[in-house]
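Structure, as structure tokens:
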Amino acid sequence: MQVERKRPLFHTTPAYLAFSKYLYYTEAMNFTLFGYPKTGKTTLFNLLTGAKIEIKSYEDGKKDLNRRTCPVPDPRLEKIGVLYPEKKKIPVTVDFVDLAGIAYGEVKNSSYLSSLRLADGLTHIVRGFQNEQIPHPKGKVSPEEDILSMEEELLLADLTSIESRLEKLEKELQRSKTPEGEKEKELLETLRLHLEEGRGIREVELSPQEEKLISSFAFLSQKRLLHMVNVDETDIPLIENPDKFYPSNKKGVTIQAFCGNIEMEILELENEEKELFLGEYGLKELSAVKFLKASYDLLKVITFFTIGKDEVKAWTIPEDTTAVKAAGSIHTDIEKGFVRAEVILWEKLLEHDSFQTAREKAAVRLEGKDYIVQDGDIIYFRFTK
Ligand SMILES: Nc1nc2c(ncn2[C@@H]2O[C@H](COP(=O)(O)OP(=O)(O)O)[C@@H](O)[C@H]2O)c(=O)[nH]1
Ligand SMILES: [Mg+2]
């Protein structure tokens, strides 16, 4: 996720439209669900978004993607909100995208490549369930093989982009040599070598200049990758030990598991019954909760809060963001005119009646431009126009 991108978002839900005037400034994160056909992508999409897209046991040839913008539940926002009953509470929102299945070997030619490249986090839905009605294209259900196969396909898609760029670049350099061109060629050749050795670009240490040089490629193997294995009822105990499916110790790759079938049943229940059923099945939490936690960890993002005239609002920024950059995620004017940040941790604010009384009791700290914003900070930015 890059806080500085400022293109407007897609408009899909009334909730999005209501928030869009704020969201123009920080783009919502995009989580894209993809994978081989009939693995449970749309099932998980329904679980995450509350959408009710029909689940079919056959491929209906539909190639449209499903998209929903959803608020991220945050109990901290609710608790801060209690101090300000008259203000609106505005949570962080996430764009979820659900792609149709991609056949084995087809990722590099897929019409979904551009959707995959737009994602902040890629979520690969992996088949872990047996079901004779839905034959596995390879004749055998093996989460490990599908995970390895998809990781390789992402590398191949990047190799293809690198090779076609290098071909053009070499011709350009023959015509006229430029230092920028030479630099790009050298970097792409290094990355090509990594990919050929089976390592994703996310494993390569890059300098900020190198990051910038390749950012427009939006390499798939550079993105954080979450494998979500969709298991059978009988494999529920494995949900707490997803490494059993495939022990990944790769940087920027995480494995989680869920049971789509059971959770679809649970989704139909009333709230109190939900808890009860989860317990009965031995499930610790809903996959939506697990998914968001894993994704936030994987993407290395944190949340801070602002208390404005009319609203209490949550914002997502990358870890290790300075106060002045966080200000810029709200509005470039606040970044440009940044004077000081008044900061208090959300729990500390709850010991007072309001930000104002906390300020009077000297519980609010004054921080400068380089202060590193912490998860759960409540910030009031002082700036000059
Ligand atoms: N046995 C079993 N079948 C499942 C499970 N999850 C999904 N399915 C079935 O798999 C099929 C595909 O689900 P869907 O979410 O549409 O997959 P997609 O093609 O990846 O979007 C449906 O017929 C589901 O009923 C599961 O956990 N266990
Ligand atoms: Mg689907």
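Report, by chain and number, residues whose modeled amide H sits under 5 Å from the one on residue 339, excluding near sequence neighbours (fewer than 5 apart, same chain).
Those qualifying (amide H under 5 Å, at least 5 residues apart or on another chain) are 382, 383, 384.
Exactly which trypsin sites (Lys or Arg not before Pro) in region 141-195 are in a DSSP loop and have at most 14 other Cβ atoms within 10 Å?
177
Determine, from the Cβ-Cβ distance of residue 342 and residue 211 and an R0 of 30 Å, the FRET efficiency 1/(1 + (r/R0)^6), rounded to the nearest 0.05.
Efficiency at R0 = 30 Å is approximately 0.40.
Taking region 320-383, how much of its Cα-Cα pair set, in percent, is spaced more than 13 angstrom apart?
Within region 320-383, distances greater than 13 Å cover 58 percent of Cα pairs.
So which residue, out of 235, 146, 310, gets the largest mean-square fluctuation from a GNM of the chain using Cα contacts under 10 Å as springs?
Most flexible of the set in this elastic network: 310.
Can you sort 123, 32, 190 from fewest to most other Cβ atoms within 10 Å of each residue's own Cβ?
Ranking 123, 32, 190 by Cβ neighbours within 10 Å, fewest first, gives 190, 32, 123.
For region 229-308 and region 181-223, what is the separation of their Cα centres, given in Å?
Measuring centre to centre over Cα atoms gives 32 Å.
Just for the Cα atoms in the chain, what are the lengths along the principal axes, largest first, rounded to whole Å?
68, 68, 35
For residue 168 and residue 130, compute 0.36 nm times the residue count separating them, minus their Cα-Cα distance, and round to one decimal in nm.
Answer, rounded to one decimal: 9.0 nm.
Using every Cα-Cα pair within region 60-129, state what percent have a distance larger than 16 Å.
The share of Cα pairs beyond 16 Å in region 60-129 comes to 64 percent.
Where in region 362-385 is the amide nitrogen less than 11 Å from a point lying 7 Å along the Cα-to-Cβ axis of residue 353?
Backbone N within reach: none found.
In region 47-128, which GluC sites (Glu not before Pro) fall in coil by DSSP and have 16 or fewer other Cβ atoms within 10 Å?
Of the GluC sites (Glu not before Pro), the ones in loops of region 47-128 whose Cβ has at most 16 other Cβ atoms within 10 Å are 54, 59, 86, 106.
Which of 290/313; 244/325; 223/293 have a Cα-Cα distance over 29 Å?
244/325
Bear in mind that the values in this text are calculations on the coordinates, not laboratory data. Quick caveat: nothing in here was measured; it's all calculated off a predicted structure. Counting neighbours? That spans all protein chains shown, and the Cβs are built from the backbone with ideal geometry, glycine included.
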